[in-house]
Each structure stands twice: as structure tokens, then as C-alpha cells.
1. Considering only region B:110-117, I want to know if a residue exists there that is within 7 Å of chain A (Cβ to nearest Cβ), out of contact with any His (no Cβ under 6 Å at 6 or more places or on another chain) and over 30 Å from B:Glu60 (Cα atoms).
2. Would you pick out the residues in region B:129-140 that are under 13 Å from A:Ile180 (Cα atoms) and in contact with a helix residue (DSSP H, G or I) (Cβ under 9 Å, 6 or more places away or on another chain)?
3. Among the residues that make up region B:181-197, is at least one of them within 24 Å of B:Thr76 (Cα to Cα) and touching a Ser or Thr at 6+ places or on another chain (Cβ under 6 Å)?
4. Would it be correct to say that A:Leu140 is in a helix (DSSP H, G or I), surrounded by fewer than 19 Cβ atoms within 10 Å (Cβ to Cβ), among the hydrophobic types (A, V, I, L, M, F, W, C) and more than 10 Å from chain B (Cβ to nearest Cβ)?
5. Please go through region B:15-33 and give me each residue that is more than 15 Å from DNA strand D (Cβ to nearest atom) and either within 14 Å of chain A (Cβ to nearest Cβ) or under 12 Å from B:Pro107 (Cβ atoms) (or both), ordered by number.
6. Which of the residues spanning region B:16-50 are surrounded by fewer than 14 Cβ atoms within 10 Å (Cβ to Cβ) and outside any helix (DSSP H, G or I)?
7. Taking the criterion of being over 20 Å from A:Glu111 (Cβ atoms) and in a helix (DSSP H, G or I), would at least one residue in region B:105-117 satisfy it?
8. Determine, yes or no, whether B:Lys120 is surrounded by fewer than 23 Cβ atoms within 10 Å (Cβ to Cβ) and facing chain A (nearest Cβ under 9 Å).
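Every number here is computed from the coordinates shown, using simple stated rules; none is lab data. Note that the structure is a prediction, hence the values are computed from the model and not measured. Cβ coordinates were reconstructed from backbone atoms using ideal geometry, including for glycine residues, and neighbour counts include every protein chain displayed.
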Protein chains: 2
Amino acid sequence: MSNNVKKSNYHHGDLREQLLKAATKMIRENGIDQLSLRKLAGLVGVSRTAPYHHFKDKNELLCAIAEQGFRERSKTMESQVGDANTDSSAQLKEYMVEYVSFAQQNPEIYELMFGRTIWKQQIDNKSLKDSAYPSFQHQLAVTKKWQEIGLLDQQANSLRLSQVIWGTMHGIAKLLIDGIYKDSSQIEEICECAASQFSQVTN
Amino acid sequence: MSNNVKKSNYHHGDLREQLLKAATKMIRENGIDQLSLRKLAGLVGVSRTAPYHHFKDKNELLCAIAEQGFRERSKTMESQVGDANTDSSAQLKEYMVEYVSFAQQNPEIYELMFGRTIWKQQIDNKSLKDSAYPSFQHQLAVTKKWQEIGLLDQQANSLRLSQVIWGTMHGIAKLLIDGIYKDSSQIEEICECAASQFSQVTN
DNA sequence: CCACCTATCTAGACAGTGTCTAGATACTAG
DNA sequence: CTAGTATCTAGACACTGTCTAGATAGGTGG
């Protein structure tokens, strides 16, 4: 295998990438459990068993899609520098709104990234874990920063507080995208309420 | 059909009840997506198609199990009168611990009750909705009560605050039972931290 | 008491699914 | 050019949910 081109034109070309792309599209449009490896193969134009030369099984495909999601999300988060013009209390709310909105706009990918499908079985997928780690780490770092400037409770253990805040956002997101909170126009109001509970500065 | 006995001994007896019972057991032990109507039928000792005379399809079976869960949960909640000996701040924590522990001890049933499996598709199942309603209503009532006694933020809109607190508990519960928060011994600490964020009384 | 009706149950079939095996193909390195 | 290996295909197996048609048996009206 040449070292400059990872996968030169070979038989089909870069089947792995095309499978990932098509699968992501299918999941976005029809949901995770509507994804079938056979339909996927048919769509891409290869035999039913071809995907098995690029992914051990269906689960590994799903993990790869989640991984992709984590990497994109990390990039988004890094570029999210707090706007110095808005006061920190509003930043907290915006932070939550952004999180929940991401989930709402990418419900199936979000479920894949943070849902039971992948995490329930104790996975031995270093690549996935590595890609997911920054998301968790970022949440903790932001919490610490906001504790330092007095926006968040300085008495609280940072890890615990980080887990609670993430839990809150995750819970609201899941209740929304799973269809229990029906009216998604409430995101702003709910996050406003949530942020004001955690905020230590009187607004 | 006689009016005193809903379903007298008939062919098999009360197949519907036995199906529900066995299905619940299977779900508890092997998870929702391991439940197969055919295996279930085999276990109960009837043909594969027999269950279809009691449930329109698999989804209706799952709804019935969730419904059962909601009814049991309602009973538990009603009997949960706050212990007058503990201060109200501790009550809030206990409330959250109890909720998350319920989820942790009944992860698959919890997923069924509050997860995407059932709610994602917009259901037209009045019976299920009716059984679920008290849980939602109870959460709101408790929030209002605690606002009145000054434990929770009196400025906040009760419905929104109720949604946020439920979101927090739901989020923590899901992160735990879906395997993202690995160490379930942290429940106490996380809930303690969460409760102290919402509590207005200095502990 | 008997015939009928209808609730209940069964067997068979169909179209899906994930994944294993064996074999064909085509590129690549020696 | 040959051998090896990555890639792809076809076939098969054991599952799945659910539809159809037919059997059975309990309750009910005459």
C-alpha cells in the first residue's frame, strides 16, 4: 500500500467512506433502527456482504458514524469562544441553548453519540473513546472556568457540577427529541430557566 | 362475556396477563431489543401468532408494559410523603436520589416508560397517556409545593422549573443507565450536587 | 338442546434482517 | 510474471414481525 494515498482507486474506490456517508444520510432521514446493512449496500451499489470488509459488524459502522459526529462536534465547540459583549449569565444560557439545539437538529446522530445504542454494551473501541473524550473534557473545562469567574457555584466539586449541568442539558435534549416534550419552541424558555438556576450572579 | 369476571377461563386462560408478565421478565433480564414475540410465545407455550389476538403488534405490547410501569410508579410516588424529620433541602436530594435509583434498578422498564421506543412515534394510545399523566403531574405539584415553602426558586415559572428539574433527573438517570457515567456509586454525590444547585436554602 | 357466532388459537407463508462460509476478482509487491 | 492479499460476490442459515386462511371451542339466541 503506497504511503501517500491511503486508499487508491481499488475495485470500487473508497467504499468505506461512501458507506459512512450513505449510512449517515440514511440515519438522518429515517432513524437509526431503519438503517439496514443490506439496503445500505444496495444504495451504494455493492453486494450485501461487501460492507463486512470495512466494518466488523453493524455496530462498528454505527460507532464510526458516532466517531465522525464527535469529531465535528469538537471542532464546533472549540470555535465557540464566549462573546465578550454579552454578560456571563447570558453566556451560560446560550451554551445550553446551543447544546440542546444541536441535539434537536441532529436527533439521530445525537442519539448515536450519547445514547444506549453504542454505550450500553461495554465497548472496547479505543478510537471511539478517544474521539468522544474531548466533548466530556470540554464540558468540565467550561464548568471550571465559570466557577472561577463566579458564574457557577464555587463551593461545588467541579466534576460533580459538570456532570449535573451536562445531565440537565442531556435530559432536556432527550425529553425533546424522544418526543416527550412535544413543543420544541420551548427550548429558549427552558434553557433560560435552567441557566438561571445554576447562575450565581443575580441577573 | 359475563360482567363479574372480565376474562373467565377460556382456551388458554388469561393469556394476555401471562404474556405481559413473561415479556416484562424477558425485558428486565435481556433488554428491550432482545424481546421477540416468537420467543415470548414459545415461552408461554402458545403459537407465534397467538399474541396478535391480544396485542395489535409488538409496539402495543411494549406500550402495555410501560403502562403497567407507570401505574406502579404512581402508587410509589403517592406513598412518598416527605419525612417531616428531615429538613426540606435534604428532602430534595432524597427525591432526586429516589428517582435516579428507580431508573438504575429498572433500567429497561425506565427506558420503555421514558425513552424513544414508545414516544418517538406519535402515539394514539389514550390508555398509555392516561397512565403516564400522573407522573408528569406529580412532578409539577411537588415543584409548586417546594416553591411555596421557599425551597425552590419562587421567581421561576413553575412549569419551566418542573421541566428543568425533571430534565436534570432524567439526564443523570439516562447517562447512568446507558453506560456513559460508568460508576453508579456516584448517584448520591451527583444528586447531592444537583439538589444544592436548585435549593434556595443555605444548607 | 342445538345451531350459530365470535373470540381465540394454529400453521403456513412472505419479506425482511445480520452475519457466516466459500469462492471469485483484481491490484501490488517481490 | 507470479504469488499473495485486499476486496468483493453469491449462497446459506437462523432469526425477526406480521399477514392470511383455517381450526377450535366457549357463550348465546332460538
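1. no
2. Selection gives B:Ala132, B:Tyr133, B:Ser135, B:Phe136.
3. Within region B:181-197, one or more residues are within 24 Å of B:Thr76 (Cα to Cα) and touching a Ser or Thr at 6+ places or on another chain (Cβ under 6 Å).
4. Spelling it out, A:Leu140 is indeed in a helix (DSSP H, G or I), surrounded by fewer than 19 Cβ atoms within 10 Å (Cβ to Cβ), among the hydrophobic types (A, V, I, L, M, F, W, C) and more than 10 Å from chain B (Cβ to nearest Cβ).
5. Of everything in region B:15-33, just one residue is more than 15 Å from DNA strand D (Cβ to nearest atom) and either within 14 Å of chain A (Cβ to nearest Cβ) or under 12 Å from B:Pro107 (Cβ atoms) (or both), namely B:Arg28.
6. B:Gly45, B:Ser47, B:Arg48, B:Thr49
7. The answer is yes; a qualifying residue exists.
8. In short, yes.
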